[in-house]
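Asker: Attaching a single structure in structure tokens format; questions to follow.
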Number of protein chains: 4
Amino acid sequence: MAKGFKKRIKQENTQNSGFGSRASGRFINKDGLPNVRRRGVNVLNSLSWYHTMLNLSSFRFITYLVVMYILINLVFALIYYLIGVEHLTGIDKSDPMNEFIDVFFFSSQTFTTVGYGRIAPVGFLASLIATFEAFLGLLTFAIATGLFYGRFSRPRAYLKFSDVAVIAPFQDASALMFRLAPYKNNALTDADVTLSTAIEINEGDNNLKTNFYRLETQLSKINTLALNWTVVHKIDENSPFYGFTGDDFKNINIEIIIHVRAFDEVFSNTVVQRSSYVSREIIYGAKFVPMYYPDNDKDSTVLDLDKINDYEKAEIPVFDNEKA
Amino acid sequence: MAKGFKKRIKQENTQNSGFGSRASGRFINKDGLPNVRRRGVNVLNSLSWYHTMLNLSSFRFITYLVVMYILINLVFALIYYLIGVEHLTGIDKSDPMNEFIDVFFFSSQTFTTVGYGRIAPVGFLASLIATFEAFLGLLTFAIATGLFYGRFSRPRAYLKFSDVAVIAPFQDASALMFRLAPYKNNALTDADVTLSTAIEINEGDNNLKTNFYRLETQLSKINTLALNWTVVHKIDENSPFYGFTGDDFKNINIEIIIHVRAFDEVFSNTVVQRSSYVSREIIYGAKFVPMYYPDNDKDSTVLDLDKINDYEKAEIPVFDNEKA
Amino acid sequence: MAKGFKKRIKQENTQNSGFGSRASGRFINKDGLPNVRRRGVNVLNSLSWYHTMLNLSSFRFITYLVVMYILINLVFALIYYLIGVEHLTGIDKSDPMNEFIDVFFFSSQTFTTVGYGRIAPVGFLASLIATFEAFLGLLTFAIATGLFYGRFSRPRAYLKFSDVAVIAPFQDASALMFRLAPYKNNALTDADVTLSTAIEINEGDNNLKTNFYRLETQLSKINTLALNWTVVHKIDENSPFYGFTGDDFKNINIEIIIHVRAFDEVFSNTVVQRSSYVSREIIYGAKFVPMYYPDNDKDSTVLDLDKINDYEKAEIPVFDNEKA
Amino acid sequence: MAKGFKKRIKQENTQNSGFGSRASGRFINKDGLPNVRRRGVNVLNSLSWYHTMLNLSSFRFITYLVVMYILINLVFALIYYLIGVEHLTGIDKSDPMNEFIDVFFFSSQTFTTVGYGRIAPVGFLASLIATFEAFLGLLTFAIATGLFYGRFSRPRAYLKFSDVAVIAPFQDASALMFRLAPYKNNALTDADVTLSTAIEINEGDNNLKTNFYRLETQLSKINTLALNWTVVHKIDENSPFYGFTGDDFKNINIEIIIHVRAFDEVFSNTVVQRSSYVSREIIYGAKFVPMYYPDNDKDSTVLDLDKINDYEKAEIPVFDNEKA
């Protein structure tokens, strides 16, 4: 990160960001997770496997399941093979390879509880293993059922944020703005947003320190989150950005941290989403263009999500920067 | 929508409706979902398939499951058929049709893991496909289990709203009233209601604009929602409807937006339900007749849900309209 | 219910009980459900079958499952029988009864997907029916899985209330008291209680009307609900019971409505429980005896749930009754 | 427990701890559960089996499942054996032991619905029992599915507390401090902490009594709980510990009760965790050393969980103790 900021900010920095002044780098990643690495706890302990399974992409999740299925069957096939194929009826004993193939399929037919019976256990040991493989199979699918349900019932906000925030003219001054919109057929109500910012301050002698400030918004709650929501932080005397020039926004390390909370009426659950903008994602002197409009028949409203990043140049009144 | 309203309303319009003044048409549909269409996101991305599955009617949900079941079996039947029926034992090889029928049923017996074994795979390829079909079958039913649970455990309020709202005489003035009642054997407590209204204003030169106002209610919370609840918004100086005549209610585009929230004691979860009334659903000069009464033995109370829409004519005092 | 009460109560009655003054009988049953019957909605619509399934006793729930299992198998057995046993292999065709028994067991082996294969379908029609029976079987167990999970994961408070409430001497006056205690190994914190009362008032001319009052409690929140909690409503000038004599408590129709809410740390969910006391369940002039004590080693506390109803006679100071 | 404390504490003790002054021993165990034993309710009634199943260790849970599986199969094997092995096809009748082994495996193949069919029921009675065993098997795995899901979807905070609390110099006085940190890949936000303390007071004549006090913290809420959180209770005039010397902290029975609450963004659920420190776990005159630092590239922050218990000696200013 570059050189810090020396000007004095009148606002007191908040202590409850959860990050200390010695923390470094981006605090909240674009996907909303904190940019923190943990050390000193063994791997098994540091992962909640359920949280991990819930966060996997669908593709990787399915791949894991398939790989596990094959591995388990290989292990059991090996066990049956070592016990001896004579404990199984219906095995093709023409050569060892065919034997192994048949015990592998016997294993899968047992694990999935299909049990055609063309191949079936006759001896004690093979029967015993099969008894446990079928049991393990059912427990495995019990767990898979839970994971599937956990994955798709997991409450999520499904909000799209604009790629950038802008500093736009607002009332007689300027304001930091970004916007967000729901992009799925969930029904969000009672949405609220909390904004804070981390600003790197140069305390002299190359001594960099990060301060945290809460940012006031013009409107922190809305009733129905069905159209886009342009969140507005007015840059007035109460803003830590008061007096910042376009260059300041470019050169000082700033991070805007966003926390949105809403009520999903389908799940009857509170959903949250976080995101952040850093200096390079803030455009000075721009304003968003509208992204919703009445439809042709004027009997409903259309939200055009492709326009979420559309902005145009907008002059920031000069007196605002001079005054500081 | 028709011509707007010119009179001045003293109340400030609220900014946090989530709908802008350029939005058009009904805002909240009768079923509580916002009347907004999304554009610019590809279909796959714009649907949360889980939300979609939860919102399907039971009939369509079951139909989808059955159709998918048949399709999957047809696909696998085709695969087994192409591999060659000689890799399956017990197939009726009298003619190609019978062969296909038998591989279709073999597929279904594998997918459901019934696995009678009358037809069973013997070759490597057919066994391999069957191995994966059984696996797929179990995962499919794992997902179905989650969907069923998601569907019936989904918290819902089960509230019936009166079809119309009425403007009834109330105290020394008038009030907007509608009523709602629980119609299922769920146990709702701590219910609260939030009312707001959208009024289309004519700003001159055919320039229509929609303003939003919050409506105060006489009682916004009740402890036990077991009988009907008549929600009352008194039309006094603090109401945006102050001074409205019966004609105004007919001619101006008005929408009453209702948001009910309660606690379901069986699910231990908050449930919500929204609805709305537009101009044509508001009856001027009417009042509801009671819909509950003591039972014959006087030892419990009876709620007659068929009466929820019963109202009678009621004169609105004239002075109320004159004063404005 | 008997004659009403004529004395004037200074407190204003609350409007938000959810019960009107014309409601009759006990309002909240001992088990916490409102004493209201619904009329005018057809049966199918008035029951949430999921709520119903969750409220069944374990015994009845299991019985329903078993009966349904037998019925479904009988129906399918009949269908297979009508199609003709020649479409199934392995049937004992010695006589029609044996035939029916075998198709019944074939049906159950298909529905549960056991599919031994001793009996197996060969014709098109029987195979088709079996295909759907296996599918139905899996969906049925998918639903059963959801019901089981819904039943045992349903958050409940597991609180035991004392059978009676008492009017006990308290400070320089008297107080209404009852107590409650958790009786299971759940961990409740942040418990709060809300008390209200319904009092039947005689407005003259045998005109009975029920008024509702909120009752203040000495302590409405506690941090950890691990021992018993004696809820105390002091009968002072702010109580609707101010000036009530022992006879008043006996003769006037009173109902105390209790609403307890706590946080279950195992489920991480809010749980609620309601109950009520009517006149005949209120003992005038009694106080509870302690029900917890240090254990012998003085290193933990013992809660004796058998003592929850133990009270002893206690004189109510006379001046309290005189003053009114 | 040792002798009580005689000095007068100015603060009023709180009544809402949920523990009375006659309760004894540690109130909250280290794992957060209250140290209370229940008596007088029969065992079946006093355990919520679902809570019990959720609290078992994974190892014990799996062991229970396996043991139950074996027991059920033994019971059914016995039943089939008593009915007579002639009602089953494919049994090895060489000797009774082999017969029993075969019926045992038939039972397990039925219970898991594998149903190879090598052994299959032919008589009415054996078929009937098998019909119910398969049904029971499916219900059992339905329940197991629910238990697995309940176990791993159970919201938990996954917080590590420092083993000890310290009394450290703070501002111009001293403070009680301990720290906590998340150790798993869950994402906690909006964390808050509630501190209270139980102090044993000597009321004279060896009459010990426990008083409860709420402890104020410097910061009771933080936005993102990603790094460690050092909770600080300043010991000033408003603290019940005001004037305590190092010896007091050693000799008086003190218990610090901690209640942390946070929002888990993956589960979208509130999670809680409790813990406590007793006198012997409080170090007088020590302060924690930092446990997080910027990583080498300065682009993220590292949290070293192994350092959570690292503290160093720190002099408590004397005037603080004198003043009291």
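The values are calculated or read from the model by the stated rules, or taken from the named source; none is laboratory data. What you are looking at is a predicted structure, and each value in this text was computed from that prediction instead of being measured. As a convention, Cβ positions derive from the backbone with ideal geometry for all residues, glycine included, and neighbour counts pool all protein chains shown. With ligands, DNA and RNA removed, areas are computed over all heavy atoms of the protein, side chains included. Shrake-Rupley method; radii C 1.70, N 1.55, O 1.52, S 1.80 Å.
Asker: Rounded to the nearest 500, what is the 222 nm mean residue ellipticity of chain A from helices alone, with -39500 (n - 2.57) per DSSP H run of 4+ residues and division by all residues?
Answerer: -9500 deg cm²/dmol
Asker: In whole percent, and with a 1.4 Å probe on the protein chains, what portion of the accessible area of the range A:159-323 is carbon and sulfur?
Answerer: Carbon and sulfur together cover 41 percent of it.
Asker: Another question about this same structure. Mind listing the long-range amide H neighbours of A:N253? Cut-off is under 5 Å, sequence gap 5 or more, other chains count too, H placed in the peptide plane at 1.01 Å from N.
Answerer: The answer is A:E200.
Asker: On average, how much accessible surface per residue is there in the range C:115-240, in Å², for a 1.4 Å probe, leaving out ligands, DNA and RNA?
Answerer: On a per-residue basis, the range C:115-240 sits at 31 Å².
Asker: Rounded to the nearest 100 Å², what's the accessible area chains D and A bury against each other, both chains counted, probe 1.4 Å?
Answerer: 5600
Asker: Let me ask something else about it. Name the long-range amide H neighbours of C:A157: under 5 Å, sequence gap of 5 or more, or other chain; modelled H, no Pro or chain starts.
Answerer: C:V272
Asker: Go through D:K30/D:K221; D:K160/D:K313; D:K234/D:K313; C:K250/C:K313; C:K209/C:K250 and tell me which ones have a Cα-Cα distance over 20 Å in this structure.
Answerer: Beyond 20 Å: D:K30/D:K221; D:K160/D:K313.
Asker: How big is the accessible area of B:I70 in square angstrom, nearest 10, if you roll a 1.4 angstrom probe over the protein chains?
Answerer: Per-residue accessible area (B:I70): approximately 60 Å².
Asker: What residue among C:F241, D:Y50, A:L47 has its Cα farthest toward the positive end of the dipole of the protein assembly as shown, where the charges are +1 on Lys, Arg and -1 on Asp, Glu, each on the Cβ?
Answerer: C:F241
Asker: Leaving ligands and nucleic acids out of the surface, order C:Y292, D:Y213 by accessible area at 1.4 Å, largest first.
Answerer: Accessible-area ranking of C:Y292, D:Y213, largest first: C:Y292, D:Y213.
Asker: Also: Please list D:F124, A:F100 in order of solvent-accessible area, largest first, computed with a 1.4 Å probe with all protein chains present.
Answerer: Per-residue accessible area, sorted high to low, gives D:F124, A:F100.
Asker: Please report, for A:G40, the nm distances (one decimal) from its label point, 7 Å out from Cα along the beta-carbon direction, to the equivalent points in the remaining copies, shortest first.
Answerer: 4.8, 4.8, 6.8
Asker: Continuing with the same structure: Rounded to whole Hz and in sequence order, give me ³J(HN,Hα) for the range D:220-230 from the Karplus expression 6.51 cos²θ - 1.76 cosθ + 1.60, θ = phi - 60°, writing x for Gly and Pro.
Answerer: Using θ = phi - 60°, the values come out as 9, 9, 9, 6, 10, 9, 10, 9, 6, 10, 8 Hz.
Asker: To the nearest 10 degrees, how steep is helix D:58-83 against the longest Cα principal axis of chain D, on a 0 to 90 scale?
Answerer: Tilt relative to chain D: about 20 degrees.
Asker: While we're here: Skipping prolines and chain starts, which residues have an amide H placed within reach, meaning under 5 Å, of the one on A:V232, given they are 5 or more residues away or on another chain?
Answerer: Those lying under 5 Å, H to H, from A:V232 are A:Q218, A:L219.
Asker: In nm, to one decimal, how far is the modelled label at D:D92 from the one at D:Q11, with both set 7 Å along Cα→Cβ?
Answerer: The answer from the label model is 7.4 nm.
Asker: Right, another one. Most fluctuating residue of A:L138, A:L215, A:L303 in a GNM of chain A with Cα springs under 10 Å: which is it?
Answerer: A:L138
Asker: Also, I was wondering about something else. If ligands, DNA and RNA are left out, what is the accessible area of A:W49 with a 1.4 Å probe, given in Å² to the nearest 10?
Answerer: 120
Asker: On to the next question. Would you work out the charge dipole size for the range C:86-236 about its Cα centre, treating the Cβ of every Lys and Arg as +1 and the Cβ of every Asp and Glu as -1, and quote it to the nearest 20 debye?
Answerer: In debye, rounded to 20, the range C:86-236 gives about 580.
Asker: Just want to confirm a number: the relative contact order over the range B:168-313, from Cα pairs under 8 angstrom separated by 6+ residues, in percent.
Answerer: That works out to 26 percent.
Asker: In whole Hz, with x marking every Gly and Pro, tabulate ³J(HN,Hα) for the range D:85-100 from phi via Karplus 6.51 cos²θ - 1.76 cosθ + 1.60, θ = phi - 60°.
Answerer: Here the 3J(HN,Hα) series is 5, 5, 8, 10, 8, x, 6, 7, 8, 4, 7, x, 4, 4, 4, 5 Hz.
Asker: Also: By accessible area of protein heavy atoms, probe 1.4 Å, what ranking do B:M53, C:M97, B:M177 get, highest first?
Answerer: C:M97, B:M53, B:M177
Asker: If you don't mind, another one. How much length would be gained if the chain were fully extended between B:K298 and B:K250, taking 0.36 nm per residue of separation minus their Cα-Cα distance, in nm to one decimal?
Answerer: Computed gain between B:K298 and B:K250 is 13.0 nm.
Asker: Another question, then. How long, wide and thick is the protein assembly as shown, going by the Cα atoms along their three principal axes, in whole angstroms, largest first?
Answerer: Per principal axis, max minus min of the Cα coordinates gives 90, 83, 83 Å.
Asker: For a quick check of understanding: with a 1.4 angstrom probe and all protein chains in place, what accessible area in square angstrom does D:D306 have, to the nearest ten?
Answerer: Per-residue accessible area (D:D306): approximately 100 Å².
Asker: If one takes the longest principal axis of the Cα atoms in chain B, at what angle in degrees, from 0 to 90 and to the nearest 10, does the Cα axis of helix B:124-153 lie?
Answerer: Taking the Cα atoms of chain B, the angle to B:124-153 is about 20 degrees.
Asker: Anyone know which of C:V166, C:V260, C:V85 comes out most mobile in the 10 Å Cα GNM of chain C?
Answerer: Per the Cα network of chain C with a 10 Å cutoff, C:V85 tops the list.
Asker: From the backbone phi of the range A:238-252, what are the Karplus-calculated ³J(HN,Hα) couplings (6.51 cos²θ - 1.76 cosθ + 1.60, θ = phi - 60°) in whole Hz, Gly and Pro given as x?
Answerer: 8, 9, x, 8, 4, x, 5, 8, x, 5, 4, 4, 7, 8, 8
Asker: Another question about this same structure. If each of B:K221 and A:N202 carries a label point 7 Å out from its Cα toward its Cβ, how far apart are those two points in nm?
Answerer: Going by the 7 Å Cα→Cβ label model, 5.3 nm.
Asker: If I model a spin label as a point 7 Å beyond the Cα along the Cα-Cβ vector, how far apart are those points for D:L71 and B:N185 in nm?
Answerer: Going from the D:L71 label point to the B:N185 one covers 3.3 nm.
Asker: What percent does the relative contact order of chain D come to when contacts are Cα pairs within less than 8 Å and at least six residues apart?
Answerer: RCO, chain D: 21 percent.
Asker: Tell me which of A:F288, A:A198, A:T89 sits at the most positive position along the dipole axis of chain A, charges placed on C-beta atoms (Lys, Arg +1; Asp, Glu -1).
Answerer: A:A198
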